[in-house]
1. Could you tell me whether Trp318 is hydrophobic (A, V, I, L, M, F, W, C), surrounded by fewer than 23 Cβ atoms within 10 Å (Cβ to Cβ), touching a Lys or Arg at 6+ places or on another chain (Cβ under 7 Å) and farther than 23 Å from Ser359 by Cα?
2. So which residues in segment 192-246 are hydroxyl-bearing (Ser, Thr, Tyr) and either under 27 Å from Gly295 (Cβ atoms) or under 20 Å from the mean Cα position of the chain (by Cα) (or both), if there are any at all?
3. Within segment 312-321, does at least one residue satisfy the condition of being within 16 Å of Cys404 (Cα to Cα), over 15 Å from the mean Cα position of the chain (by Cα) and modelled with pLDDT of 95 or more?
4. Considering only strands (runs of 3 or more DSSP E) fully contained in segment 45-158, which possess at least 2 residues that are at pLDDT 60 or above, under 26 Å from Ala283 (Cα atoms) and not aliphatic (A, V, I, L, M)?
5. Show the residue pairs meeting these rules: Cβ distance below 8 Å; 6+ apart or different chains; first residue within segment 155-178 and buried (at least 16 other Cβ atoms within 10 Å of the Cβ); second residue of a type in the set (S, T, N, Q) and assigned to a loop (DSSP other than H, G, I, E, B).
6. Within segment 258-278, does at least one residue satisfy the condition of being among the hydrophobic types (A, V, I, L, M, F, W, C) and either free of Cβ contacts under 8 Å to residues at least 24 places away in the same chain or more than 30 Å from Ala368 (Cα to Cα) (or both)?
7. Going by the conditions given, is Ala307 in contact with a strand residue (DSSP E or B) (Cβ under 7 Å, 6 or more places away or on another chain) and under 19 Å from Thr367 (Cα atoms)?
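The values are calculated or read from the model by the stated rules, or taken from the named source; none is laboratory data. On a predicted model such as this, the values are computed, not experimentally measured, just so you know. No Cβ is skipped: glycine too gets one built from the backbone with ideal geometry, and neighbour counts run over all protein chains shown. These accessible areas exclude ligands, DNA and RNA; they are computed on the full protein's heavy atoms, side chains included. Shrake-Rupley method; radii C 1.70, N 1.55, O 1.52, S 1.80 Å.
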Amino acid sequence: MDVDSSMAPESDHDPAVQNHTAAQAPAAMEREQPSTGSGSPAQPPVQQQQQQQAAAQVQQSPVVGPRLAPTYSVVNAILEKEEDGPGPRCGHTLTAVAAVGEEGTPGYIGPRLILFGGATALEGNSAAAGTPSSAGNAGIRLAGATADVHCYDVLTNKWSRITPFGEPPTPRAAHVATAVGTMVVIQGGIGPAGLSAEDLHVLDLTQQRPRWHRVVVQGPGPGPRYGHVMALVGQRYLMAIGGNDGKRPLADVWALDTAAKPYEWHKLEPEGEGPPPCMYATASARSDGLLLLCGGRDANSVPLASAYGLAKHRDGRWEWAIAPGVSPSPRYQHAAVFVNARLHVSGGALGGGRMVEDSSSVAVLDTAAGVWCDTKSVVTSPRTGRFSADAAGGDASVELTRRCRHAAAAIGDLIFIYGGLRGGKI
């Protein structure tokens, strides 16, 4: 299969980061106001400070500081048939795919969210090695893992179930997915038969009827794993990091250059202090090529609060760096997505049936200002010792994000959240 034209976009321009940030979910929604302060689109801090000072001198008005984390509200999507909707599930992926063609022309396809896989049923925690566990005592019942593909049309607010041509991936959950051009790349996970193969599956969405492909990759790769992360860095490098191979959490870093054929995974040895072996973290790529790995659960099942940036130098070296700011809470099985220079983090588990506490269930790392914010303030110290039980009540606007094993994606100035576990239930 020749996928070069789709796997290597023509430019590094990311149309999704032109707009100002907001938040929305097919379970929830809110729009932030345009920023005039340090939460604006990513740019060098010195340059940004100079621009702010100049604006203040001309307008004689104060510079607005970092914006707090937004709140979310429910979106009532349209279902023509019940089977069009994904229904309750967890451990799935939600991937934003840009529009195809020009609006108003024949063949135009608007921006979409592609939901793949996940588990639709729960049972008690399994003691079997390699079986994912969730918050509390509920684990994924592997018989409930699916290979369904659902599409949410952002412009029409409508869900539909699609049946692509080609051979689909096996049913799975706790896998990873990321968009490369108008394709969704899927790897890893765990299903009824155990760990899924390490193959790269591609859902090509260029045509009206999508098609599955299996990408041929040379040499050794990350291998079967679940609970790992994957992101497209610099619109070119497919990065896979960490997770669990059925024996232990991992900290390895793999890169696949989508602009070079034959495709081949390369194991990287980045410089600097990187994250410990962990699973159920998130990895999000900023438009300028910075990858940010956030949270996760370490080898001792301890939730992590740290965030690490991974960047590629011009001389080819990759380097880890600890992200600035104080995270409001450790978490794993959360979701995170960049809009401009702001990393929006939602939900997550603390273990033992505990969820991230209310005011921090939505958090933002403003990478331009170097600070974390929750819904109440800029965070200057961890919210230690504070948490909410699964079934506890709380602020209605934040209650929507008190979940884990959900998925999030951004299109333009909107962030969408779907599914997950709430109160120990899907």
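1. In short, yes.
2. Let us first name the residues in segment 192-246 that are hydroxyl-bearing (Ser, Thr, Tyr), namely 196, 206, 226, 237.
Those that are hydroxyl-bearing (Ser, Thr, Tyr) and either under 27 Å from Gly295 (Cβ atoms) or under 20 Å from the mean Cα position of the chain (by Cα) (or both): Ser196, Tyr226, Tyr237.
3. no
4. Correct list: 93-97, 112-116, 149-153.
5. Pro169/Ser196; Thr170/Ser196; Arg172/Ser196; His175/Ser196
6. Initial filter on segment 258-278 (among the hydrophobic types (A, V, I, L, M, F, W, C)): 259-260, 265, 268, 278.
Now restrict to residues that are either free of Cβ contacts under 8 Å to residues at least 24 places away in the same chain or more than 30 Å from Ala368 (Cα to Cα) (or both): 260, 265.
Yes, that holds for at least one residue.
7. Working: in contact with a strand residue (DSSP E or B) (Cβ under 7 Å, 6 or more places away or on another chain): yes; under 19 Å from Thr367 (Cα atoms): yes.
So Ala307 passes the test.
Listed here are the residues, each with its yes/no results for (1) of a type outside the set (Ser, Thr, Tyr); (2) open to solvent by less than 30 Å² (accessible area, probe 1.4 Å); (3) closer than 23 Å to Ala336 by Cβ.
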{"site": "Pro192", "(1), (2), (3)": "yes, no, no"}
{"site": "Leu200", "(1), (2), (3)": "yes, yes, yes"}
{"site": "Thr206", "(1), (2), (3)": "no, no, no"}
{"site": "Ile241", "(1), (2), (3)": "yes, yes, yes"}
{"site": "Tyr263", "(1), (2), (3)": "no, yes, no"}
{"site": "Glu271", "(1), (2), (3)": "yes, no, no"}
{"site": "Gly274", "(1), (2), (3)": "yes, yes, yes"}
